[in-house]
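Below is one structure, written out as structure tokens, with a few remarks after it.
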Amino acid sequence: MSASATLYIVPTPIGNLQDISQRALDTLREVDWIAAEDTRHTHKLLQHFAINARTLSLHEHNEDKRAAMLCQRLLDGESVALVSDAGTPLISDPGFILVRKCREEGIVVTALPGPCAAITALSASGLPTDKFVFEGFLPVKMLAREQALENLQKRTATSVFYEAPRRIAETIEVVEKVLGTSRQIVLAKEISKTFETYISGNVEKVRDYLSQDPAHQKGEFVLIIAGCDATPSEIPPEALKLLTLLQTELPLKKAAAIVAQQYDLKKNRLYQIGLEMNEH
């Protein structure tokens, strides 16, 4: 197989065109084909950077057929770059079927680092980042959305969601219904764009912001929800037992990290509990 027969996963800007990397630009210029979620959208990006490239569409409705065709071209020695409309491909965007098939065929897959709305928003949110769960988009149907949020009632890790502008106000109402008003959340809007905004606080604060102006409900949203607090009474007895046992062999910080991973708990909280244990 030719060394050029590689599938490149290429992140593109989520708002600010200056966020594209030189490596991404070089790759888009050099590959034989660019597989794009929406070729019309991608052509605007390519024109901006004066890139002349052959493109074809790959989206959720044609990915099965396109994956087979692209794999054959890769096996024939051609190279392909996969892009989505914005951000990192496969993160709530098409591409999984193609990447899986390439792996099955022994085709080289190389992922370039780059923009991702979920990670960007999380890093600036002010909520704990030591352990988080990315959930993608919440379900469209109300009952399924409520059930998805109910899973957060006892989750101690931070949760990250994407949400569409037409549903964001309704989703915040469901968050309040399921998780109450005191849960801390952050709503990140239009990340890296001119009107980038972060609204941080309890559910009521975010709900009030959305209702103040219809323009506040427009744009691309990342919703970040803090995990529940794990108090000693809420920590399983077996977790406390393991923490006590591990402390005899390991530093407290390491012991807390192991127990946190095993029982889906916050390691910082376990560390504090360990300190309290050692004081007695």
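FYI, it's all coordinate maths here, none of it is from the lab. Here the structure is a predicted model, which means the values were calculated and not measured. Cβ coordinates were reconstructed from backbone atoms using ideal geometry, including for glycine residues, and neighbour counts include every protein chain displayed.
What net charge do the residues around M142 carry, taking every other residue with its C-beta under 15 Å from that of M142, with Lys and Arg at +1 and Asp and Glu at -1? Could the numbers behind the result be given before it?
Numbers: positive: K141, R145, R166, R167, K177; negative: E146, E150, E163, E170, E173, E176.
Taking every other residue near M142 into account, the sum is -1.
Quick check: the angle from helix 252-263's long axis to the longest principal axis of the chain, C-alpha only, nearest 10 degrees?
Once rounded, the angle reads 70 degrees.
Return a whole-number percent for the relative contact order of the chain, with Cα pairs under 8 Å and 6 or more residues apart as the contact set.
Relative contact order of the chain: 17 percent.
Based on the mean of other Cβ atoms within 10 Å per residue, sort peptides 59-71, 35-47 so the most packed one is first. Before the final figure, lay out each step's value.
Working: 59-71: 15.3, 35-47: 17.6.
Those peptides, ordered most packed to least, come out 35-47, 59-71.
Counting only pairs 8 or more places apart or on different chains, how many lysine pairs in the range 170-280 have C-alpha atoms closer than 24 Å?
Value for the range 170-280: 16.
Could you give the length gained on full extension between A144 and L90, defined as 0.36 nm per residue of separation minus the Cα-Cα distance, in nm?
Values: separation 54, 0.36 × 54 = 19.44 nm, distance 2.27 nm.
Extra length from A144 to L90 when fully extended: 17.2 nm.
Put a dot 7 Å past each Cα toward the Cβ at S57 and E249; how far apart are the dots in nm?
5.8 nm
I want to make sure I understand the PRE zone here: with the label point 7 angstrom from the Cα of C228 toward its beta carbon, which residues in the range 152-191 have backbone N atoms less than 20 Å away?
152-161, 172-186
With labels modelled as points extended 7 Å from the Cα through the Cβ direction, what inter-label distance (nm, one decimal) is found for V133 paired with K154?
Going from the V133 label point to the K154 one covers 1.2 nm.
Rounded to the nearest 0.05, what FRET efficiency do Q212 and D19 give with R0 = 35 Å and r taken as the Cβ-Cβ distance? Could you check? Display every interim value, and only then the final one.
Working: r = 29 Å, r/R0 = 0.84.
Efficiency computed from Cβ-Cβ geometry: 0.75.
Just the number, please: percent antiparallel of the DSSP beta bridges in the chain, rounded to the nearest 5. Write down the numbers at each step before the final one.
Working: 17 of 36 bridges.
Once the DSSP bridges in the chain are tallied, antiparallel ones form about 45 percent.
Which is the longest stretch in the chain that no exposed loop site breaks, taking sites as chymotrypsin sites (Phe, Trp or Tyr not before Pro) with a DSSP loop state and at most 15 other Cβ atoms within 10 Å? Present the calculation step by step, with values, prior to reporting the outcome.
Working: sites that count: F49, F195.
Within the chain, the longest run free of exposed chymotrypsin sites (Phe, Trp or Tyr not before Pro) spans 50-194.
Using a cut-off of 10 Å between beta-carbons, work out the net charge of the residues near F195 (Lys and Arg +1, Asp and Glu -1, F195 not included).
Details: positive: K189, K193, K218; negative: E190, E196.
Net charge in that neighbourhood comes out at +1.
Kindly express, to the nearest 10 degrees and within the range 0 to 90, the angle between helix 168-179's C-alpha long axis and the longest C-alpha principal axis of the chain.
Here the helix axis deviates by roughly 30 degrees.
Once both labels are modelled 7 Å past Cα along the beta-carbon direction, what's the E204-E104 spacing in nm?
So the two model labels end up 5.4 nm from each other.
Below 12 angstrom from the Cβ of T12, what's the summed charge of the other residues (Lys, Arg +1; Asp, Glu -1)?
Values: positive: K44; negative: D19, E37, D38, D85, D93.
With Lys, Arg at +1 and Asp, Glu at -1, the net is -4.
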